[in-house]
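Asker: Encoded as structure tokens, here's the structure I'll be asking about.
The values are calculated or read from the model by the stated rules, or taken from the named source; none is laboratory data. Please read these numbers as outputs of a predicted model, since none were measured by experiment. Positions of Cβ are generated from backbone atoms using ideal geometry, with glycine treated the same way; all protein chains shown enter the neighbour counts. For accessibility, only protein heavy atoms count, side chains too; no ligands or nucleic acids. Shrake-Rupley method; radii C 1.70, N 1.55, O 1.52, S 1.80 Å.
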Amino acid sequence: MIWESFGSVVVGLALAWAALHVLPGRLPSARAVYPTGALGALFGAYLTDGVLYSGHATATVAGALVVGAVTLSLLLRPRGRSRISGSAAAR
């Protein structure tokens, strides 16, 4: 389980690095993206290992990859700059 955890953190950091290079303007700072990728992948490994039990290293890292990518996708900002200022109640 130690190597699966280490591998999942490496996968999460690699996902965060790739996301920062592919979508540089749509993500917050790297200080937020790297820990989110690593912790998301670690949670994915924990979740997959809990479902499949021990002995499925490849599936555990694949689960870390999927959950890490989903967690990073939650940080994405919209493309356009058309943000509505004020609340709907103020109109």
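Asker: For n ≥ 4 DSSP H runs only, could you compute -39500 (n - 2.57) per run for the chain, divide by its residues and tell me the 222 nm figure to the nearest 500?
Answerer: Values: 3 runs with 61 residues, N = 91.
Calculated mean residue ellipticity at 222 nm is -23000 deg cm²/dmol.
Asker: Spin-label point model (7 Å from Cα, Cβ direction): what's the A30 to L52 distance in nm?
Answerer: Going from the A30 label point to the L52 one covers 3.2 nm.
Asker: Then there is this: Which of rounded, prolate, oblate describes the chain, given a ≥ b ≥ c as roots of the alpha-carbon gyration tensor eigenvalues and a/c under 1.5 marking rounded, otherwise prolate only if a/b is larger than b/c?
Answerer: Working: a/c = 3.64, a/b = 2.24, b/c = 1.62.
Taking the square roots of the gyration eigenvalues as a ≥ b ≥ c, the chain is prolate.
Asker: Please give the per residue accessible area of the chain, computed with a probe of 1.4 Å over protein heavy atoms only, in Å². Present the calculation step by step, with values, prior to reporting the outcome.
Answerer: Values: 6250 Å² over 91 residues.
Here the residues of the chain average 69 Å² of exposed surface.
Asker: Within the chain, which whole H helices from DSSP have a Cα span along their axis of at least 27 Å and a mean Kyte-Doolittle hydropathy of 0.5 or more, if any? Numbers along the way, then the final one.
Answerer: Working: long enough: 2-22 (30 Å, 1.51); 30-52 (32 Å, 0.88).
TM-like helix candidates: 2-22, 30-52.
Asker: Rg and Dmax of segment 1-45 over Cα atoms: what are they, in angstrom?
Answerer: 10.7, 36
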